[in-house]
Amino acid sequence: MLKQHRTMTRKKKFLYLTLLPAYFLIAGLFLQPLPDIYRGLITILKEPDFLITDYIAIGGIGAAFINAGILTLVCIGILYFLNMEMDGHTITSIFLMMGFSLFGKNILNIWAILFGVWCYARYHKVSVSKYIYVGFYGTCLSPIITQIMQLPEVPPALKLILSLLAGAVIGFVLPPLSTHVFYLHKGYSLYNVGFSSGIIATVIISVFKSFGLETESRLIWSTGNDRIFAVLLFVFFLLMIALGRFHSPTAFSQFRAILKSSGLGGTDYVQEDGFSTALVNMGINGIVATAFVLLVGGDLNGPTIGGIFTVVGFGATGKHVRNILPVMMGVWLASLTKTWNITDPSPIITLLFSTTLAPIAGEFGVIAGIIAGFLHSSVAMNVGIIYGGMNLYNNGFAGGIVAAFMVPIIQSIEDRKARAKGTMPL
């Protein structure tokens, strides 16, 4: 592993990371004529983008991929020129930016929130690099910015001022709130910023409603592209595995070490096991997640690809096949007993994003993971109504609730068993 760290330079790691947006940028150019891409991008920028808004449906495949690719390249450039070292959170944040730029984040609506994070860093007289990942994750609240920009009967200049103000407030409160809520779930939900963002969204949308500003439910969902997306995804994930193996002949043996980890929040497989091993783990996660969606009959589109990229991205910071499959199975089993079908839009998204609870399966076992997925499906399907779909990381909020509910109970049961065996003092 030491040899790998010497030969894999920072520049090369960032170059490899740009392959993600570049791959889908090129695919987008081939899958939609340029004039249609331009019109699609304009539509994406103008449309409300709270859950569920599939950019592929409203702008086309090419426009959605171009939007995601450009935004992701810009974010990679920000990290590179901030002299950030490559670690697991670098990879995770970039994959999430790419994925959610297919159904909610666009090249205009994220900057006000990042400005707020910059203000927070300036206020505390530290480099913005300390909070940049929180900022990237926190752009899950970017639909709020779009919504403000579309307020009726409000002058454009005032809408711009209000959106900047809202973004600044969101970005400013995200870092301290994210640090605080971590202690509620103790790292057993990986989408920590999603949890804090759910709280922020609840407060902001409650204020909106008190002024008579309501958001209607939304479902824009594309279908019929499973074959082309399956090919694009499987090829890309196989390339990730091949790259990891090429740069480290021991990547597969080191991968077994990843499978033994719980994946608790704060885990960093890039630092612990090496960049190449993390690539292998991420590629395997992507193949498993994509195959799971196809096997249960779900659609491959903007939201589900975003979910797959999330599973892949967190393959650098906590997720692996041993701890994600029990949770996903729990969601699938829930669909057999509840009032919805797993192939419906919200359930299939929940299936993928439920893996925020992977550390519960990793730490407490398969049964606990299945129960977590079962409970998560119910919570995630209902909490979004609180903030009108304005938090793109809805499952992060739901996962935080489920983890905060389950983990103390599981730990109390394990403590009782330990006392009964005499391995723990009364």
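The values are calculated or read from the model by the stated rules, or taken from the named source; none is laboratory data. Here the structure is a predicted model, which means the values were calculated and not measured. Methodologically, a virtual Cβ is constructed for each residue, glycine included, from the backbone with ideal geometry; neighbour enumeration extends over all protein chains shown. Surface accessibility is based on the protein's heavy atoms, side chains included, excluding ligands, DNA and RNA. Shrake-Rupley method; radii C 1.70, N 1.55, O 1.52, S 1.80 Å.
Treat each spin label as a single point 7 Å out from the Cα along the C-beta direction, and report the K186 to S210 distance in nm.
With each label placed 7 Å out from Cα toward Cβ, I get 3.5 nm.
What ranking of T53, T339 comes out by heavy-atom accessible area, probe 1.4 Å, highest first?
On the way: T53 0, T339 145 Å².
From most accessible down to least: T339, T53.
With the full set of protein chains in place, find how many percent of the accessible area of the chain is carbon and sulfur; take the probe as 1.4 Å.
Details: 11770 of 17440 Å².
So the carbon and sulfur contribution to the accessible surface is 68 percent.
Can you tell me the relative contact order of region 47-148? Whole percent, Cα pairs under 8 Å, sequence separation 6 or more.
On the way: 103 pairs, mean separation 36.4, N = 102.
36 percent.
What nm distance separates the two modelled labels at V74 and F246, each placed 7 Å from Cα along Cα→Cβ?
For V74 paired with F246, the spin-label model returns 3.0 nm.
Top to bottom by accessible area (1.4 Å), largest first, where do D273, D36 land? Let's see the in-between values first.
Values: D273 25, D36 55 Å².
In descending accessible area the options line up as D36, D273.
At most 16 other C-beta atoms within 10 Å and a DSSP loop state: those are the exposed GluC sites (Glu not before Pro) I care about. Give me the longest piece of the chain that has none.
217-426
Where the centroid of each part is defined by its Cα atoms, how far is region 181-239 from region 368-403 in Å?
Cα centroid of region 181-239 versus Cα centroid of region 368-403: 10 Å apart.
If the elastic network links every pair of Cα atoms under 10 Å, which of L392, L160, L295 fluctuates the most in the Gaussian network model of the chain?
Looking only at L392, L160, L295, the largest GNM fluctuation is found for L295.
Spin-label point model (7 Å from Cα, Cβ direction): what's the L219 to L34 distance in nm?
Spacing of the two 7 Å Cα→Cβ label points: 3.9 nm.
By per-residue mean of other Cβ atoms within 10 Å, what is the highest-first order of 219-225, 286-292, 346-352?
Working: 219-225: 16.0, 286-292: 21.6, 346-352: 25.3.
Listed from highest to lowest mean packing, they are 346-352, 286-292, 219-225.
Net charge within 14 Å of G369 by Cβ-Cβ distance, Lys/Arg positive one each and Asp/Glu negative one each, not counting G369 itself?
Computed value for this residue: +1.
Which order, highest average first, do 68-76, 373-381, 248-256, 396-404 follow once you tally other Cβ atoms within 10 Å for each residue and take the mean per peptide? Display every interim value, and only then the final one.
Values: 68-76: 21.8, 373-381: 23.3, 248-256: 17.0, 396-404: 26.7.
Packing order, densest peptide first, comes out as 396-404, 373-381, 68-76, 248-256.
Rounded to the nearest 10 Å², what accessible area does M329 show when all protein chains are kept and the probe is 1.4 Å?
Counting only protein heavy atoms, the figure is 70 Å².
How much accessible area does D344 have with a 1.4 Å probe, in Å² rounded to the nearest 10?
D344 exposes around 60 Å² with every protein chain in place.
Please report, in Å, the Rg and the Dmax of region 112-160, where both are computed over Cα atoms only.
When restricted to the Cα atoms of region 112-160, Rg and Dmax are 13.4, 40 Å.
How high is the relative contact order of the chain? Use alpha-carbon pairs under 8 Å, at least six apart in sequence, and give a whole percent.
19 percent
So what is the relative contact order for region 329-426, in percent, with contacts set as C-alpha pairs under 8 Å and at least six apart?
It rounds to 26 percent for region 329-426.
Given the whole protein assembly as supplied and a 1.4 Å probe, what does the accessible area of R245 come to in Å², nearest 10?
Ignoring ligands and nucleic acids, R245 comes out at about 100 Å².
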